[in-house]
1. Name the aspartates and glutamates eligible as straight-distance cross-link partners of B:Lys301: C-alpha to C-alpha under 16 Å, and not fewer than 8 places from it in the same chain.
2. Could you compute the net charge surrounding B:Ala394? Neighbours are other residues with a C-beta less than 12 Å from the C-beta of B:Ala394; K and R count +1, D and E count -1.
3. Rule-of-thumb check for chain C: C-alpha Rg over 2.2 N^0.38 Å?
4. Any chance you could count the Lys pairs in the stretch A:1-152 whose alpha carbons are under 15 Å apart, treating pairs 8 or more apart or on different chains as valid?
5. Binning at 10 Å from 0, report for chain B what percent of all alpha-carbon pair distances ends up in each bin.
6. With +1 on each Lys and Arg Cβ and -1 on each Asp and Glu Cβ, and nothing else charged, work out how big the dipole of the stretch C:58-174 is about its Cα centre, in Debye to the nearest 20.
7. Enter the mean number of other protein chain beta carbons within 10 Å of the beta carbon of each residue in A:56-68, as an integer.
8. Which FRET efficiency value, to the nearest 0.05, do you get for C:Phe153 and B:Glu314 by plugging their Cβ-Cβ distance into 1/(1 + (r/R0)^6) with R0 = 25 Å?
Amino acid sequence: MEIKVTVNGAEKAASVPPETTLLSVLREQWGMTGSKSGCEVGDCGACTVLLDGKPVNACLVLAGQANGRDVLSIEGLGTPNNLDPLQKIFETHASLQCGFCGPGVIMSAKALLNKNPDPTRHDVRDALAGNLCRCTGYVKMIDAVMELAANNKSEAA
Amino acid sequence: MVITVKDGAATDTNTPELLKRADADIKLPAAPHKPGSDLQTIIADVNQQTPAVGQRVVRVDARAHGLGRTEYIDDMTWPNQLFAKVKRAEVAHARITSVDVSEAAKMPGVKATLVGTEIPVNSFGPSYQDQPLINADKVRHVGDPVAAVAAETEQQCIDALKKIKVEYEPLTPIFDAIEAMKDDAPQVHEGKSNIYASKQIKKGDVEKAFAECDHIFEDSFNTQMIEHVPLEPHASAATWDVNGRLLVWSSLGRITLGRADLSRILQIPYNKIRVTATIVGGNFGGKNELTVEPILALLAKKTDRPVRHVFTREDEFLSSTTRHPFFMDYKTGVMNDGTIVARKIKIVCDGGSYCSWSETTMGKGCILAAGPYNIDNLEVNAYAVYTNKVMTGAMRGFGAPQVCFAYESHMDDIAHALGIDPLEIRMKNAFYEGSSSPTGQQLQSVAVRESLQMASERAGWKEA
Amino acid sequence: MRPFEYVSVSNAEEAVKALAAAAPNGKPVAGCTDLLVEIKHEASSAETLVDISQLEELRGIELTDQGLRIGASVTHTEIMDSDLVAEHAPALQDAAHTIGAVQTRTLGTLAGNLVTCVPSMDSGPTLMALEATVNILGSKGTRSSSMEELFVFVRKTSLEADEIITDIVVPTKNLKKPTVFHKFGLRKGQALALVNAAGSLHVKDGKMTDVRISLGAVAPVVIRCLKAEAHLEGKSADDAQVLNEAAEIALSETSPIDDFRASKAYRNELIKILTKRCIEQSIALSQK
């Protein structure tokens, strides 16, 4: 089947069998390997992308379901010289270790702050509950998101 | 604590009485600093040489991680690559009577198959080389490899695996490590006792001390098998260059060990093998030995194409190394005031179907089993035992977490029974500077009591 | 993943036609959070997936003369964000929040949760306690069904191969009725329920009326505890003893199992505790 998806602001096309997942299209058709395959069944969150602005497991979205829709992946968030504030604060907080869960966590955090710019710590934990990390214990990720939210708030004030 | 260095000898000038053993003089080796330096001066000296000490640093990999640009093995592609999949046994213990890959070889997209008999030297392992790459004679756990295929796509591999016919003669499996120690237990490795490694520590005279102490406490503890679950599953790829050199990329941590094993398995010299390790998505000990790299090498040789393989999450649970379950029996003799005078420990490590890192894990567990406590009379007997379960290997702590759970739980029980504060009983028995380890090592830079003291203050122990 | 067909349709009628054509191996799909996992684990024979996730007529949350209508393809996140649900059936939001994690809630739909029909489904108890019904469309036309009629067995509903749920309706009489949902899992997120429960009742002149108790993960399907309900009906809302008795009676109506997540004995305790909690908290809500 033919699909057209707007990915990180640009329209991309692919011709893939119906059983292909969005994760597979991103990684194998379009070379966007930032979204990771950790379990393929929607448990680990390493494949989290934003579909029409909302966080989803790309491993559970079929190519046909992504057709005509808008995807934001980690590649669309920032560049080395223009980091997304989340990417920057994860650096200063040393929130990532092996990094494999990182893109998924950052996308989930992005979705949270887009929807709720002033989350409680509980809100952050809830938003990241679908992203598993085996290295860090999550604390520095949560700290980073909370600090970014606080910074945004005081800047806005 | 203030250490004063004077005339080449160090003395502790302000450690509270509680932390001092009455008869202990703290003797440090001669410090390389000016005589009379206090600790603050020593730190300042060191900082002059290495200003980084004490500074905050941004990890060098942080930027790439945050951008999603870190390249793990599964993110790489090789021109003209093939995918590989491994057929894994669905029985825990059986003799293999036949493996037929002929139908699989004809399946769409399949470019090569591989069975155990095609492997030049079909064994590997960090301590004992008791683990086949692909089993030809016998399978020893559910998930043990029995054949492999290489095909154009992963789905073609999966479809081809279904066509591989394996005939088994079932054998009685043994799953219980204690039962496996018995003489009449099914042998996991034919002709070898299931007890494949052991270690003993003997210090003083435990039986005499038990006879003379005020109380004896006995208890048993056991811990469960744990899977590392690195977010990145095991991944590797292999290809050969035109000069016959093997090129391997792997999530493997111990690449010199891996290269040595590859050399031995494939019977090619070290200098014909290049192993590239990449940024790994979590190891925790589970990526410390080969998995399918030799299989990929042979498939790549047959097809003259690069061959890649990533474990599924199910594969990870089925057939990658795990943390050893430990079965621990503790017997401790104490005096009324809580001083430990004797300890006798038996540890049975469930060693899974292959040795992997069991010998070292068992060894570590044995040495650490008594805990960081001064015990003059000690006997530890540790065993690693084969069972028909997945390999147990290295996992952070390497034997320490299991015994720590046991000796600290045991200590709490003893404290409770004697009516002594659990912190106080530990302070009384804990290592101090110059204490002797269970294996006779003179310990230096010992901060057990100081750490306990500081932790107890921060936790509000006295207030609770 | 093994191959299958994917069919995109423009409306519910087309979906039904596509399912009828593909029967018996066609499946409607929305979030795919369960079906794709089944397919990946080779536990599904589905050969044609008919995507109903974006059909307008299956979306939306609104008040109708029947009650609160929730479209079949409304996601759990949409339920959590809905002011209408917050006002008229907030327990549904509590239930939705316990499902999986944010990613699966963004994809997963209310009807999807119902038709997957696992004993531990988190949307089932509240809807059953609220006496919700589903509207169904098939080749033979439309029909309605109660939750009890819908759930037949583990992973088996009463839907025919060509039928889809179009909406779920909480009846007008039960809107704003004091209702509480509780789920107990081994974690707060990404966890299956060991036991889940919903309680719903009114208190009139100090007496409990219209008591409804529904439990999940304690039988092959989500169930009503009819005997426990009858025991509470008409009794004083201050009677702690009668509540304890009802908890024991509810237990007697269940058949929980031992599995690797929990023992039967543990589940038995949870049944009693969660039943009581749901009733006590519903009583407290009624007094607000």
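1. Once the sequence-local aspartates and glutamates are set aside, what remains near B:Lys301 is B:Glu118, B:Glu152, B:Asp241, B:Glu293.
2. +3
3. 1.00
4. Count of close lysine pairs: 5.
5. 4, 17, 22, 20, 17, 12, 6, 1, 0
6. Numbers: 8 positive and 15 negative charges, 61 e Å.
For this selection, approximately 300 debye.
7. What the average comes to for A:56-68 is 6.
8. It comes out at approximately 0.40.
Only the coordinates and a few stated rules stand behind these numbers; no lab work does. All of these numbers come straight from a predicted model, not from anything done at the bench. Glycine gets a Cβ as well: all are built from the backbone with ideal geometry, and neighbour counts include every protein chain shown.
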